[in-house]
Amino acid sequence: MRSTPLLIEAKPLDGYAVHVRFEDGTAADVDLSYLLEYGGVFEPLRDPEFFRRLRADAEAGTIVWPNDADIAPETLYAHAQRRAAATA
């Protein structure tokens, strides 16, 4: 059994925020602007229009972009848990 629930929804919001929902019911609006600090595969994310092209990938269980950039599922879930707890 996997330790991180699968991501089932990811919807871009204003700026670099994304609403995420996981199969265990955890849902939150997470700020992913920290990804802009990284180069390489994350460089295209600096373009807000490209960033908004994200999608939830059922196979990977996380957010992915058209250039194959993604976030580790465990990292995304941890962000969502912290944010959900902070707004509860």
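The values are calculated or read from the model by the stated rules, or taken from the named source; none is laboratory data. Since this is a predicted model, take the numbers as computed values, not measurements. Note that we place each Cβ from the backbone using ideal geometry, even for glycine, and neighbour counts take in every protein chain shown. Accessible surface areas use protein heavy atoms only, side chains included; no ligands, DNA or RNA. Shrake-Rupley method; radii C 1.70, N 1.55, O 1.52, S 1.80 Å.
Please go through the chain and write out the chymotrypsin sites (Phe, Trp or Tyr not before Pro) that DSSP classes as loop and that have at most 16 other C-beta atoms within 10 Å. Within the chain, the qualifying chymotrypsin sites (Phe, Trp or Tyr not before Pro) (loop, at most 16 other Cβ atoms within 10 Å) are Y38. Using the alpha-carbon positions of the chain, Rg (one decimal) and Dmax (whole number) come out as 12.2, 37 Å. This model, with +1 at the C-beta of Lys and Arg and -1 at the C-beta of Asp and Glu, gives the chain a dipole about its Cα centre of some 200 debye. With a cut-off of at most 10 other beta carbons within 10 Å, and DSSP calling the residue loop, which trypsin sites (Lys or Arg not before Pro) in the chain qualify? Please list them. Those that pass, being in a loop and sparsely packed, are R2.
At a probe radius of 1.4 angstrom, the accessible area of the range 21-64 per residue rounds to 57 square angstrom. The residues packed around T62, meaning those with a beta-carbon under 11 Å from its beta-carbon, carry a net charge of -3 if Lys and Arg are +1 and Asp and Glu are -1. Note on the chain: with a GNM built from Cα contacts shorter than 10 Å, the maximum mean-square fluctuation among T75, T26, T62 falls on T75.
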